[in-house]
Amino acid sequence: MRIPFSFLSSLFVSLVLSAHHAQAADALDMLEKANEAASRLNYTGTYFYHHGEHTEVLRVSHRADKRGEMHKIEVLDGPHREFIRINDEVYCHMADGKTVRIDKNAVQRFFPAVVPDDTVNLARYYIPKLGGTDKVAGRECQVIILEPRDQFRYTHMLWLDRQTMLPLKTRTVDNHGAPVSMFVFSEIEIGRRPDKAIFDVRMAGKRIQAASLSSNTQDSGGWNVSPPPGYSSVLEAMRPMPGKKSPVLHRVYSDGMSNLSVFIEPIVEGVSSLEGLSTENAINIYSRRMAGHKVTSMGEVPAAALLETANSVQKK
């Protein structure tokens, strides 16, 4: 009996689609485990952050116990800074000795805690795939690839430690395959609990300076902003900025993997500023004038996402 070619063709397509669905499910399952690993494991390591032409060296310490999480990031080159997160409280020790408390409403995620809690929602805006295997810091890793479903996102690649599922490397590439940014461990120790003393916020005798002001002002709620699909608001605040006489409205939008910021400020006559598209290191920037205000959107995202967001801004 001859089997019609159309039937064989349909069967082949069905098998391919089933394989893709199974691979996507496996990738999402691994990402969920990666999210859990970053919060529940104890680890200490040194990693590099490459963005544009710049490279930073940082050290991370993470402690998890029955009281929650402690996470510390030390910048090892340039002016010394430390970021410390004790559960939901985030502080930054500046090189000048000041201690800054980061806005509680901000979603502060420090590498390797880069996978969002809602991994299922990622599949609406990214195509999850299993990549190959590779070694990072001497450990075997499974590569996960998140390909964008539209022009508003870049491709994200994650190297997950096969033994623990902890992310050991991430790479963001643009729509032409060029690197945008990368985090990668050079060395890491997993399993040993860091000493609690290293997470001391050292508040004695220090004045806390808030990183942002209250958002309960007329200016903060006086604007409509419509970012691309999938980008949700994670922060809104009136923020003091260097060289600015008055606070600037700052909003942050995220899809879980990609983040973009919007700044809205009154135009000061006689002060020139750039307009249109530009790039600084790995960050794209777009600025325009609107109703006597300057609107600026920026982030490690495609220009299309910035244009869509900034051009949507309207005064209520």
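The values are calculated or read from the model by the stated rules, or taken from the named source; none is laboratory data. The shown structure was predicted, so the numbers you read here are calculated from the model rather than taken from an experiment. We place every Cβ from the backbone using ideal geometry, glycine too, and count neighbours over all the protein chains shown. Keep in mind that these areas ignore ligands, DNA and RNA; they rest on the heavy atoms of the full protein, side chains included. Shrake-Rupley method; radii C 1.70, N 1.55, O 1.52, S 1.80 Å.
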**Request:** Can you check what the net charge comes to around Gln151, using other residues whose Cβ is under 14 Å from the Cβ of Gln151 (Lys, Arg +1; Asp, Glu -1)?
**Result:** -3
**Request:** At 0.36 nm per residue, minus the direct Cα-Cα distance, what do Ala123 and Thr55 gain on full extension? Give it in nm, one decimal, please.
**Result:** 21.4 nm
**Message:** Not counting ligands, DNA or RNA, and with a 1.4 Å probe, what is Ser273's accessible surface area in Å² rounded to the nearest 10?
**Reply:** 50 Å²
